[in-house]
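Worksheet: one structure, shown below.
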Amino acid sequence: MDKIANLALSLKDELIKDRRYFHSHPETGWFTFFTTAVLAKRLSDLGYEISLGDKVVKADARLGLGSKEQCEKAIERAKKLLSPEEAKYLPYMKDGLTGLTAFIDTKRPGKFTAFRFDIDSVDVTESAEAAHRPCKEGFGSDIAGITHACGHDGHMAMGLALAKLIAKNLDDFNGKFKFIFQTAEEGTRGAVAMEAAGVLEGIEYLLGGHIGFQAETNGGIVCGTNKLLATSKFDVHITGRSAHAAGAPQEGANALLAAAQMALNMHGITRHAKGVTRINVGVLRAGEGRNVIAPNGYLACETRGEDTNLNEFMYKKCMDIVKGVSEIYGVDSKVVMTGGTSGANSDKEVTEIFYEAAKQSPFIDDDKIVKELDFGACEDFAHFMRALQDRGAKSGYMMIGTNLKAGHHNSKFDFDEECLVAGVDIYLRVAYKLNGAKK
Ligand SMILES: [Zn+2]
Ligand SMILES: [Zn+2]
C-alpha cells in the first residue's frame, strides 16, 4: 500500500456514508436542488470556488426540462431536507438551473485537469423487498418513482472524496483542478447546456467514468471506453381532425394511424453499412374514443449510432418519415427534441494513464484489467469529450468494477461499495500523474 492507496482507504467510511445519504434522497433530471446544495456546501468548505446557476447551465439550451409544478415540488422537498447553510445555495438554481462546478488553483504552473461526476437518479421506484439492501439497512429512497438505480450516488461520493484529498494535499500538485458535477445525465440532457455555459473553458484533460456496466466484478476496470454511441431523443406530437367513425370518417384526419405508421416505418429504416445503429419508439399514445377518428397522437422516440454521422442518418430518416406520413394522413406533426449527445472515443493517451494507474492500484486485480472496450451505449459524457477533443484537449472514460445485485436502472439495482475506494484511488493516481509536483 503506497501513499495514494492509504489516502483513498482513509475515506472508506466517509465514502459509504455519503453514498448512502445521497441514495436516500434521490432527485432526477434538472430538479437536483437538494443534491446540488449539499455538494456546494461540502466543496465550499473544502476551499473550492463554487459556480452555480446560469454560470454553469445555459437555461435555453436545456432539453427535457419537466413541468413547473414538478420543479416547485422538488424545491419544496429540498427545503425540508437542507440545513439553513445548505439552503442558501437554492436561489441560484431557480427554475432548475442545477448542477455545479468546483475549482481550485495551486497557483503554480501546470495542467488544468477536470473530473466529471454525474448526480441525477432514475425515474423508477426502488424495490421495497426486504432482501434489497438499501431497504434492509435503512438507506432506501425516501420518494416513490425516483431512485439512484444507476450508481450516480456512488459517483458523487467518489467526487467528494477525491476533491477532499486533492484540497488537503494541495502542496503535492501543480496547475488547476475543476470538478464538474453534472445533472440530467439520464436521457442525455445535461452536458449540452453546461458546455454552452462555458464550463469546459481552458480544460486540458477531462476524466470521467462509471461504476459497473461492463466492469462487472470487484477489482475490475476498463481503462479506456470507446464507441460511446451518439443519440437523439425526440417526441412527435401529431394533430389530426376528429370525425364520426361511421357517419363521416372521410372528414377526419386519423392521427392514430399516422402514429402507428410512423412507428412501423421508423423501425423499418434500412440500416447503414458503415456501423451500428439503433431505433426505438418507446411510447405510442393516440385517440380519444371508440367511435371517433383519433385527432391526436404522440410518439417518444430515440435513435442511436456508432458515431455522430450514423446517428444523424437515422434521425434524418425519421424526420423524412414524420413528414411523409403526415402528408399521407393529412395531419400536422411537431417534433420536440428532449435530449441527445454526440458519439466519442477515449483518447489513447488518457487510456494509457488510466492503465498505468490500474496496474499500480492495490484495489485492482491485474487479471481484471481491460485496457480498452467498446461501450455500445450512450453516456452524456460523450458530449463533453467530443467538445474538448475538437479543441485539442484530451478526455477519457473508464469503468470501475463492482458486483451488481441487478442491472442498471432496475428497481433492485445495488452495487458493492468496495468499488468506491478503488475509484478514488484510480482518479487520485491520475491526478498525481497529470499534476503531481516533482519534489
Ligand atoms: Zn443510467
Ligand atoms: Zn449512469
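We did not get these values from a lab; they are worked out from the coordinates using the rules stated. All values reported here derive from a predicted model rather than from experimental measurement. Neighbour counts run over all protein chains shown; Cβ positions are idealised from the backbone, glycine included.
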Cut-off is 10 Å between beta-carbons; in what order do GLU27, GLU129, GLU417 appear when sorted fewest neighbours first? GLU129, GLU417, GLU27
For SER232, SER83, what's the fewest-to-most ordering of other Cβ within 10 Å of each Cβ? SER83, SER232
Whole-Å distance linking the alpha carbon centroid of the stretch 25-52 with that of the stretch 293-324 is 36 Å
Between the alpha-carbon centers of the stretch 188-228 and the stretch 352-390, tell me the distance in whole angstrom. 9 Å
Restricting to Cα pairs below 8 Å that are 6+ residues apart, what does the relative contact order work out to for the chain? Please round to a whole percent. 23 percent
Output ordering of 166-175, 276-285, 220-229, 335-344 (per-residue mean of other Cβ within 10 Å, highest first) is 220-229, 335-344, 166-175, 276-285
Where does each of PHE103, PHE181 land when they are ranked from fewest to most other beta-carbon atoms within 10 angstrom? PHE103, PHE181
Over all Cα pairs of the chain, how is the pair count split among 10 Å bins, expressed in % and running from 0 up to the last occupied bin? 5, 20, 29, 25, 13, 6, 2, 1, 0
Between 0 and 90°, nearest 10: helix 381-390 axis offset from the chain longest Cα axis: 80 degrees
How high is the FRET efficiency between HIS272 and ALA59 when r is their beta carbon distance and R₀ equals 41 Å, given to the nearest 0.05? 0.70
Using helices alone, I'd like the mean residue ellipticity at 222 nm for the chain: each DSSP H run of four-plus residues gives -39500 (n - 2.57), total over residue count, nearest 500. -11000 deg cm²/dmol
At a Förster radius of 25 Å, what calculated FRET efficiency corresponds to the Cβ-Cβ distance of ALA437 and LYS17, to the nearest 0.05? 0.20
So what is the relative contact order for the stretch 1-152, in percent, with contacts set as C-alpha pairs under 8 Å and at least six apart? 34 percent
